[in-house]
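I have placed the structure first, in the form of structure tokens, so that the comments after it can refer back to it.
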Amino acid sequence: LSRIKTKSARTHIAGVCAVVNKATKEWGLSCSNPFAGLDIRNEGRDARLIEPFTDTELNVIAAACLKRNDEVAWIAGMQLSTGCRAQEIAKLRVDDLRLDDDIPSIKIREHYDLARTVKTAGSERRRHMGRQGSSQGGRA
């Protein structure tokens with residue numbers, strides 16, 4: 001049996017809790033949710049700090065993106081330039097790109113017609129794009 005991090009356990013419990021809350025509401029039940037407020041021993045203490053890439057590592061990644069020149073490389077390159085998540089980049093539409101502005105940018109937003117959502121409500125935003133191969137574009 002493999003162990004999962006306490007944050008992952010919290011995420012799974014939150015999903016179960018949401019299902020129980022929905023069922024309780026839809027079926028008109030008057031019971032409490034046993035998953036609400038559940039304590040996880042040592043929650044968060046098993047998290048480990050992941051060091052960011054160095055500028056040298058970012059430059060190596062940027063060079064590899066330019067050399068590879070395919071969809072995966074384009075997504076990785078835009079991540080380097082904007083600091084956005086890969087999924088956010090992959091969901092962009094042409095009208096989300098602002099390449100002719102003084103400072104080129106992208107708009108991260110919902111696309112309801114395509115059932116494409118952002119991670120959180122605060123995730124809708126505009127991100128400026130750095131110079132190609134620059135490690136500074138996504139750092140704000």
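Things worth noting here:
- Selected residue (only one of LYS5, LYS107 is modelled with pLDDT of 90 or more, on the phi < 0 side of the Ramachandran plot and surrounded by fewer than 15 Cβ atoms within 10 Å (Cβ to Cβ)): LYS5
- Of all residues in the range 70-91, those satisfying the criterion of being open to solvent by 50 Å² or more (accessible area, probe 1.4 Å) and more than 21 Å from THR120 (Cα to Cα) are GLU71, VAL72, TRP74.
- Residue within the range 11-33 that is among the polar types (S, T, N, Q), surrounded by 13 or more Cβ atoms within 10 Å (Cβ to Cβ) and not in a helix (DSSP H, G or I) present: yes
- Given (1) open to solvent by 70 Å² or more (accessible area, probe 1.4 Å); (2) among the charged types (D, E, K, R); (3) in a loop (DSSP other than H, G, I, E, B), index of the condition ASP46 fails: (1)
The values are calculated or read from the model by the stated rules, or taken from the named source; none is laboratory data. On a predicted model such as this, the values are computed, not experimentally measured, just so you know. Here Cβ is always computed from backbone atoms with ideal geometry, including for glycine, and neighbour counts include all displayed protein chains. For accessibility, only protein heavy atoms count, side chains too; no ligands or nucleic acids. Shrake-Rupley method; radii C 1.70, N 1.55, O 1.52, S 1.80 Å.
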